[in-house]
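Engineer: Here it is: the structure, laid out below.
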Amino acid sequence: QVQLVESGGGLVQAGGSLRLSCAASGRTSSSPAMGWFRQAPGKEREFVAAVSWDGGSTRYADSVKGRFTISRDNAKSTVYLQMNSLKPEDTAVYYCAAGSGFGVYAFASLYNYWGQGTQVTVSS
């Protein structure tokens, strides 16, 4: 089992920045693929960013490309999402996810462990 705990969410003004953290514990070596998803009220959960097992490859949703950066520190078993130039439409609950693959996956079905989510609210 892998446990994921997100932190770093909060309320920020448009144009501001936040850094989300996802601390993983348990059998983390079995779930090298890591990603971030978000879900706004009334909307489906959507892909945000993903990073490969070694941090060498990343993938971003078009809506966040150029503004968000995903990274990982395997020594700390932690994945980060640096969010810059935040927009009100970025408001959502952000979820960290882990999967058994070694690539960068944009589909939620490829992840089998999820954190509890952390709220990000961007005011206009």
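The values are calculated or read from the model by the stated rules, or taken from the named source; none is laboratory data. Keep in mind it's a predicted model, so treat the numbers as computed, not measured. We place every Cβ from the backbone using ideal geometry, glycine too, and count neighbours over all the protein chains shown. Surface areas here come from the heavy atoms of the whole protein model, side chains and all, with no ligands, DNA or RNA. Shrake-Rupley method; radii C 1.70, N 1.55, O 1.52, S 1.80 Å.
Engineer: For segment 76-99, enumerate the residues that are at negative phi, modelled with pLDDT of 95 or more and not in a strand (DSSP E or B).
Structural biologist: If the condition is that a residue be at negative phi, modelled with pLDDT of 95 or more and not in a strand (DSSP E or B), then ASN84, LEU86, LYS87, PRO88, GLU89, ASP90, THR91 are the ones that fit.
Engineer: Quick one: in segment 12-37, of everything that is within 17 Å of ALA106 (Cβ to Cβ) and touching a helix residue (DSSP H, G or I) at 6+ places or on another chain (Cβ under 8 Å), which residue is modelled with the highest pLDDT?
Structural biologist: PHE37
Engineer: Residues in segment 53-72 that are touching a strand residue (DSSP E or B) at 6+ places or on another chain (Cβ under 8 Å) and at pLDDT below 95: how many?
Structural biologist: Selection size over segment 53-72: 2.
Engineer: Which members of segment 67-81 meet the condition of being closer than 13 Å to ALA50 by Cα and among the hydrophobic types (A, V, I, L, M, F, W, C)?
Structural biologist: Answer for segment 67-81, where residues must be closer than 13 Å to ALA50 by Cα and among the hydrophobic types (A, V, I, L, M, F, W, C): PHE68, ILE70, VAL79, LEU81.
Engineer: With respect to PHE107, determine if the residue is among the aromatic types (Phe, Trp, Tyr) and either at pLDDT below 95 or more than 24 Å from GLY26 (Cβ to Cβ) (or both). Explain how you work it out, then say what you get.
Structural biologist: Values: among the aromatic types (Phe, Trp, Tyr): yes; either at pLDDT below 95 or more than 24 Å from GLY26 (Cβ to Cβ) (or both): no.
No: the conditions fail for PHE107.
Engineer: May I pose another question? Go through the residues of segment 87-100 one by one and say whether even a single one is open to solvent by less than 20 Å² (accessible area, probe 1.4 Å), more than 27 Å from SER124 (Cβ to Cβ) and within 12 Å of the chain's Cα centre (by Cα).
Structural biologist: Here is the first cut: in segment 87-100, the residues open to solvent by less than 20 Å² (accessible area, probe 1.4 Å) are 90, 92, 94, 96-99.
Those still in the list that are more than 27 Å from SER124 (Cβ to Cβ) too: 97-99.
Within this subset, residues satisfying the condition of being within 12 Å of the chain's Cα centre (by Cα) are 97-98.
Checking segment 87-100: at least one residue is open to solvent by less than 20 Å² (accessible area, probe 1.4 Å), more than 27 Å from SER124 (Cβ to Cβ) and within 12 Å of the chain's Cα centre (by Cα).
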